[in-house]
Amino acid sequence: MVHKGLAYGVGSGEQLDWFPAGQPDAALHVFIHGGYWQALSKNESTFAATDFLANGVAFAAIDYTLAPQASIMHMLDQCRRSIAWLHTNAQALGFDRDRIYLSGSSAGAHLAALLLVTDWPSLGMPGDVIKGATLMSGIFDLRPICHTYVNEPLGLDEPTAAELSPLFADLADLAPTIVCWGANETDEFKRQSREFGAAMQRAGNDVQVFEVPARNHFDIVHTLAAADESLGRRVLAAMT
């Protein structure tokens, strides 16, 4: 059963789709969609729900307001509020609030990475509210975007792009993380994932960094929780 359009805030776009696992001690997997911060929504993001539910894991797909109506910082604040709302309402929703995991693809991986490095205690949340993350084909250095058409609705300058780049954040003591990309990606997406994975490793984190064979930027997400796929096996194993 799916509960669509649950409000995690009062602002435009602050909704999520919720798929309960049917057991109170279930882990929760939260997916953040991509689309260069200006396209797609939770409505295209429920593909992994069936696989997670089949493995006893609850699933949520979140929305956030897109550019140009919102800045990336506003999107990040919304994503933080969604995690806080889920944690606060875990008992009512029927999952274990101490077993919240994240994933994101492309721009969604960027937002998920920023959630990983968030100072959660300053927001009244446990520092380890996120127990793990899977970052697929992510964008971890936003500076190159400043010089492309993608930046037209975003309005980033180089200092803001650097500030919002997970690659330059304090990466110490983060939750276990999977950083991956498809074999059939562009060189830039591969480079960014490799560099971020290496930075996570240098910071001493528990991180798996790997390429997913025969997948590209768009279909890698369809193996997220598939028990018969290499990525899905790793994601499910990381949640147990």
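Cβ-Cβ distances below 6 Å connect the following pairs, each with a first residue in the stretch 107-134 that is surrounded by fewer than 17 Cβ atoms within 10 Å (Cβ to Cβ), a second residue that is assigned to a loop (DSSP other than H, G, I, E, B), and a separation of six or more residues or different chains: V117/A169; P121/G127. Only a single item in (1) on the phi > 0 side of the Ramachandran plot; (2) over 18 Å from the mean Cα position of the chain (by Cα); (3) in contact (Cβ under 8 Å) with a residue 40 or more places away in the chain is not met by G56, and it is number (3). Does any residue in the stretch 3-25 that is at positive phi come within less than 6 Å, Cβ to Cβ, of a residue that is open to solvent by less than 60 Å² (accessible area, probe 1.4 Å) and in a loop (DSSP other than H, G, I, E, B) six or more places away or on a different chain, and which pairs are these? Pairs that qualify, where the first residue is at positive phi and the partner is open to solvent by less than 60 Å² (accessible area, probe 1.4 Å) and in a loop (DSSP other than H, G, I, E, B), are G13/D63; G13/Y64; G13/T65. Among the criteria (1) modelled with pLDDT of 95 or more; (2) open to solvent by 20 Å² or more (accessible area, probe 1.4 Å); (3) under 19 Å from G108 (Cβ atoms); (4) not acidic (D, E), the one H33 does not fulfil is (2).
Can you confirm whether the stretch 41-54 contains a residue that is under 25 Å from R234 (Cα atoms), at pLDDT below 95, of a type in the set (F, W, Y) and touching a helix residue (DSSP H, G or I) at 6+ places or on another chain (Cβ under 9 Å)? Checked against the condition, which is being under 25 Å from R234 (Cα atoms), at pLDDT below 95, of a type in the set (F, W, Y) and touching a helix residue (DSSP H, G or I) at 6+ places or on another chain (Cβ under 9 Å), the stretch 41-54 yields at least one hit. When the stretch 39-58 is filtered for residues that are of a type in the set (S, T, N, Q) and farther than 20 Å from M75 by Cβ, the ones remaining, listed by number, are T50, N55. Scan the stretch 42-58 residue by residue and report those that are within 19 Å of A7 (Cβ to Cβ) and part of a loop (DSSP other than H, G, I, E, B). Within the stretch 42-58, S45, T46 qualify. Within the stretch 224-238, restricting attention to residues that are without any contact (Cβ under 8 Å) to a residue 12 or more places away in the chain and open to solvent by 70 Å² or more (accessible area, probe 1.4 Å), the residue that is nearest to F59 (Cα to Cα) is R233. Out of V221, V179, V209, one residue alone is assigned to a helix (DSSP H, G or I) and either open to solvent by 10 Å² or more (accessible area, probe 1.4 Å) or within 30 Å of Q69 (Cα to Cα) (or both). It is V221. Screening A198 on (1) within 20 Å of L114 (Cβ to Cβ); (2) among the hydrophobic types (A, V, I, L, M, F, W, C); (3) at pLDDT below 95 shows it passes everything except condition (3).
The values are calculated or read from the model by the stated rules, or taken from the named source; none is laboratory data. Keep in mind it's a predicted model, so treat the numbers as computed, not measured. Methodologically, a virtual Cβ is constructed for each residue, glycine included, from the backbone with ideal geometry; neighbour enumeration extends over all protein chains shown. Just so you know, the surface numbers come from the protein's heavy atoms only, side chains and all, with ligands and any DNA or RNA stripped out. Shrake-Rupley method; radii C 1.70, N 1.55, O 1.52, S 1.80 Å.
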